[in-house]
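To keep things clear, I will list the structure first and then write my remarks on it.
The values are calculated or read from the model by the stated rules, or taken from the named source; none is laboratory data. Values in this document were obtained by computation on a predicted structure and should not be read as measured data. Cβ atoms come from the backbone with ideal geometry, glycine included; neighbour counts cover every protein chain shown. Just so you know, the surface numbers come from the protein's heavy atoms only, side chains and all, with ligands and any DNA or RNA stripped out. Shrake-Rupley method; radii C 1.70, N 1.55, O 1.52, S 1.80 Å.
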Amino acid sequence: MPDDVKPVPQLASTTWQIGRVHRKVDAMERMRGVLRYTDDLTLPGMLHGKIKRSPHAHARIISIDASRALAMPGVFAVVTGKDFPTPYGIIPWTPDETALAVDKVLYVGDGVAAVAAIDEDTAIAALAAIDVQYEVLTPIYDPEQALAESDSNPINPYAKHGNLSKEVLLEFGDIDGQIAKADLVIEGEYFFEGTTHAAIEPHCALAQAEPNGLVTVWSATQVSHYLHRELSKVLGIPAHQLRVIQPPLGGAFGGKSEPFDLEFCVAKLAMITGRPVKILYTREEVFYAHRGRHPMRMRYRTGFTKDGKILAMDAKTTIDGGAYSSFGLVTTFYSGQLACSPYVMGAYRFHSRRAYTNKPACGPKRGHGSVQPRFATEVQLDKAAVALGIDPIELRRRNDLGADSETLNAFKIGSNGFLECLSRVEAASEWRERRAALPFGRGLGVAGSTYISGTNYPIYPNAMPQAAVQICVDRSGRARVFSGANDIGQGSSTMLAVIVSEELGMPLVDIRVLAADTDLTPVDLGAYSSRITLMVGNACLEAAKKLRKKVCESVAKRWEIPASRVVLIDRQALDRENPEQRVPLTQAFWWAEEDHGLLGEIGSYNTPKDRHGEYRGGTIGASPAYSFTAHVAEVEVDPETGVVLVKHIWVAHDCGRALSRRIVEGQMEGSAYMGFGEALMEQHIVDPKHWGVHTGPSLLDYRIPTFLDTPALHSLIVEAPDDRGPYGAKEGGEGPLHPSIPAIANAIYDAVGVRMDELPFSPPRVLRALAARAAAEAAGTLPKHKPEEGHR
């Protein structure tokens with residue numbers, strides 16, 4: 001046997017790489033600290049930029065005088081809003097912000113000027129020398145007040161309907177008739193406080209302008225393509241003269257999914273000075289840039305039969321959008337459109353209004369727009385289960401939507417593993433055995449959810465593919481994968497390498513993924529809405545299968561056997577029926593290149609257009625496939641202090657097919673961790689009593705869980721393959737967050753008998769609820785929830 005040919009591998013498994021545990025393709029570089037993030041990049045002659053920000057929440061700009069700053073040694077240029085007069089927005093129908101404020105500032109932290117200087121200290125000193133005169137206006141921090149004062153005190157000058165950013169009213173079925181015949185109607189009001197992403201890496205951008213007019217922008221973004229489009233629009237540069245590169249990213253979670261002021265400023269300053277310019281946000285600037293979870297006040301009515309079937313759900317939601325639209329148009333739809341799954345219901349109506357306020361703009365955070373209503377929905381179900389005397393898991397089973405079905409609002413559901421998710425968390429938590437036996441102060445809670453595997457339509461209307469991948473194989477036995485997809489830490493580049501490895505029989509170390517460079521890679525729409533696994537994965541699979549076909553045919557030609565007998569595995573090509581007949585993969589590639597020339601293929605993916613109803617707004621929330629999740633949380637509540645300890649969260653998630661098992665588990669645990677943090681700790685708020693200043697714009701003051709706070713997280717992968725995903729795969733990065741918060745809320749009720757309908761579930765809130773419960777028990781209006789001693 002030749003030295004370079006390994007022993008015959010086992011062929012019992014139907015897949016070689018799919019479903020196994022893999023190291024992320026850049027894991028060692030990250031662990032060794034040698035990966036170069038955007039702020040690690042330095043170019044010859046590079047200048048440092050800083051942005052001057054408004055100290056007022058609402059004010060008109062009277063004048064900006066930069067003469068003193070420009071006269072300072074080491075200051076090269078200053079730009080203001082007048083250098084960026086074109087409004088933009090990630091959603092093309094709502095372009096309501098400019099790179100720097102032109103006439104008005106709309107929140108504390110709104111950018112008004114930017115400077116490029118020889119070093120950061122000089123840039124900071126130059127900001128202090130810029131004189132901005134304001135006419136201070138009355139700020140509005142409450143969305144209900146903002147809507148009431150739309151005419152008298154409009155906030156955003158580009159808004160079309162005063163302080164109403166977006167309104168959606170959709171009704172399916174006879175909501176009032178179904179509520180009228182319900183045996184039980186649960187009414188509740190819920191408040192979800194705003195939270196932010198808290199990614200470790202701050203926003204950073206670096207730009208270089210070439211003498212030939214080419215402008216290159218390196219940015220810590222998760223949407224290279226959309227940034228490329230908006231830079232072209234705002235700067236007035238033809239798209240072919242712009243290049244956007246996303247270096248390795250240190251986390252995003254939705255917080256880098258649209259353009260920010262620093263990207264426009266570095267590009268413009270580089271064009272003016274002829275030198276590279278970099279801007280790195282401080283942590284405080286990251287908090288003010290925000291684009292995090294929207295605060296929502298939700299009023300729900302849900303009708304049930306005595307058997308626990310959902311007859312109707314009626315939701316009214318007020319959304320605090322902050323100063324700009326961001327993704328707000330979509331958010332307003334998502335606040336209701338994804339609520340019709342995973343449950344069957346007879347009728348549904350939601351009425352959502354998003355308001356402008358003088359606060360940092362809200363946007364998409366992991367589970368965009370649907371985490372808040374899921375909290376309300378699942379607590380409503382728990383309240384009904386208690387009132388009807390039905391086990392909460394059983395109530396959810398009775399309302400299961402099922403596979404190959406259609407939601408009430410006409411979304412097509414393919415595979416559906418929700419019932420298995422419920423069974424897995426029920427068994428793993430020992431729900432039936434333990435729940436009734438836990439003492440006062442200990443409780444179990446359950447919740448379920450669903451989420452999209454990518455949006456069915458791109459952000460801007462077009463009929464082109466949503467994803468494309470190019471693969472090139474060379475004579476050395478290596479493959480290069482070119483993809484515009486943004487790996488933000490979720491492992492999308494590893495996913496692509498796994499697919500190529502599976503199809504071409506190459507180990508992951510032989511595959512190079514070149515991603516998110518608009519000059520080198522095909523267009524991809526970015527890392528949002530859990531779209532990459534299904535969409536980019538399908539494109540990659542198509543290209544890899546084309547290459548495999550070429551290689552197998554060339555090998556089969558030399559061996560004079562059918563191509564179906566050729567297997568590519570573990571750097572070898574071998575005959576399935578005669579495994580002793582085999583050659584190194586490099587030889588197979590040589591033969592294929594002799595037959596076909598350069599071994600390269602392309603794949604692309606576009607979504608099916610039959611996944612939704614034909615009503616206005618029916619496309620928003622539509623997806624090729626949906627994931628399903630169930631959580632059980634176990635809590636311990638101290639009635640003396642109000643402190644809630646989450647001891648365990650069991651997470652069962654239907655991801656279709658786990659392409660890389662450890663990465664899926666990591667996404668499930670990361671999602672549950674993030675939801676747990678939002679439930680107990682996080683609040684992104686500004687203080688109206690202190691002129692709209694953020695209450696804690698640092699990772700010291702903004703509370704997020706440490707390792708010591710984090711509960712034991714148990715990932716239970718459920719696989720209900722969907723034929724619309726690559727190898728049956730669906731999303732796994734956002735859906736597993738949704739049930740965490742309501743499961744914890746429901747567990748708190750099980751533990752001590754109080755409903756936590758407002759987030760976060762802080763000790764003062766818990767103590768107030770316990771005091772109210774104790775007063776009601778003393779008055780005889782409520783029975784004692786559990787005996788203080790012993791078991792139930």
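In this structure, is E665 in the same structural domain as K730 (by TED's automatic domain parsing), in a helix (DSSP H, G or I) and buried (at least 17 other Cβ atoms within 10 Å of the Cβ)?
Answer is yes for this residue.
Quick check: anything in the range 212-224 in contact with a strand residue (DSSP E or B) (Cβ under 7 Å, 6 or more places away or on another chain), modelled with pLDDT of 95 or more and either assigned to a helix (DSSP H, G or I) or not assigned by TED's automatic domain parsing to the domain that holds V79 (or both)?
Among the residues of the range 212-224, at least one is in contact with a strand residue (DSSP E or B) (Cβ under 7 Å, 6 or more places away or on another chain), modelled with pLDDT of 95 or more and either assigned to a helix (DSSP H, G or I) or not assigned by TED's automatic domain parsing to the domain that holds V79 (or both), which makes the answer yes.
Can you tell me how many residues in the range 182-211 are closer than 30 Å to H694 by Cβ and free of Cβ contacts under 8 Å to residues at least 24 places away in the same chain?
So the answer is 0.
So which pairs qualify, if the first residue must be in the range 679-701 and acidic (D, E), the second must be exposed (fewer than 15 other Cβ atoms within 10 Å of the Cβ), the Cβ gap must be under 9 Å, and the two must be at least 6 apart or on different chains?
That search, which allows pairs on different chains as well, returns D687/T695; D701/T695.
Restricting attention to the range 200-211, which residues are of a type outside the set (A, V, I, L, M) and part of a loop (DSSP other than H, G, I, E, B)?
E201, P202, H203, E210, P211
Return the total of residues in the range 379-419 being open to solvent by 40 Å² or more (accessible area, probe 1.4 Å) and among the small types (G, A, S).
Selection size over the range 379-419: 3.
Which of the residues that make up the range 26-40 are among the aliphatic types (A, V, I, L, M), without any contact (Cβ under 8 Å) to a residue 24 or more places away in the chain and open to solvent by less than 70 Å² (accessible area, probe 1.4 Å)?
A27
Take A403 and decide whether it is within 18 Å of F628 (Cα to Cα), over 24 Å from the mean Cα position of the chain (by Cα) and part of a loop (DSSP other than H, G, I, E, B).
The answer is yes for A403.
Out of the residues in the range 553-578 that are part of a strand (DSSP E or B) and touching a helix residue (DSSP H, G or I) at 6+ places or on another chain (Cβ under 7 Å), state the one that is surrounded by the most Cβ atoms within 10 Å (Cβ to Cβ).
Result: A573.
Can you tell which of I310, I319 is in contact with a Ser or Thr (Cβ under 7 Å, 6 or more places away or on another chain) and open to solvent by 10 Å² or more (accessible area, probe 1.4 Å)?
It is I310.
Look at the range 480-503 and say how many of its residues are touching a residue at least 60 places away in the same chain (Cβ under 8 Å) and not in a helix (DSSP H, G or I).
Count: 7.
Please pick out the residue among M46, M72 that is touching a helix residue (DSSP H, G or I) at 6+ places or on another chain (Cβ under 8 Å) and either open to solvent by less than 70 Å² (accessible area, probe 1.4 Å) or of a type in the set (S, T, N, Q) (or both).
Answer to the check: M72.
The conditions are (1) surrounded by fewer than 19 Cβ atoms within 10 Å (Cβ to Cβ); (2) in contact with a Gly (Cβ under 6 Å, 6 or more places away or on another chain), and L708 fails exactly one of them. Which is it?
Failed condition: (2).
If you scan the range 218-259, which residues turn out to be of a type in the set (F, W, Y) and surrounded by fewer than 24 Cβ atoms within 10 Å (Cβ to Cβ)?
Listed by number, the list holds a single entry, Y226.
Please enumerate the residues belonging to the range 431-479 that are open to solvent by 10 Å² or more (accessible area, probe 1.4 Å), within 30 Å of V752 (Cβ to Cβ) and not in a strand (DSSP E or B).
R432, E433, R434, R435, A436, A437, L438, F440
Taking the range 711-741 as the region of interest, how many residues are open to solvent by 40 Å² or more (accessible area, probe 1.4 Å) and part of a loop (DSSP other than H, G, I, E, B)?
4
Looking at R703, R765, R755, which one is within 28 Å of G369 (Cβ to Cβ), assigned to a loop (DSSP other than H, G, I, E, B) and over 27 Å from the mean Cα position of the chain (by Cα)?
R755
Starting from the range 760-784, take each residue that is assigned by TED's automatic domain parsing to the domain that holds I704 and within 23 Å of R297 (Cβ to Cβ) and list its partners that are among the charged types (D, E, K, R) and open to solvent by less than 30 Å² (accessible area, probe 1.4 Å), counting only C-beta distances under 8 angstrom and pairs at least six apart or across chains.
Note: pairs meeting the criteria are P760/E193; P760/E678; P760/E682.
Would you pick out the residues in the range 1-58 that are part of a loop (DSSP other than H, G, I, E, B), aliphatic (A, V, I, L, M), modelled with pLDDT of 95 or more and closer than 30 Å to E210 by Cβ?
L41, L43, M46
From the list A652, A658, which residue is assigned to a loop (DSSP other than H, G, I, E, B), within 30 Å of M535 (Cα to Cα) and modelled with pLDDT of 95 or more?
A658
Name the residues in the range 238-292 that are part of a loop (DSSP other than H, G, I, E, B) and of a type in the set (S, T, Y), would you?
S257, Y281, T282
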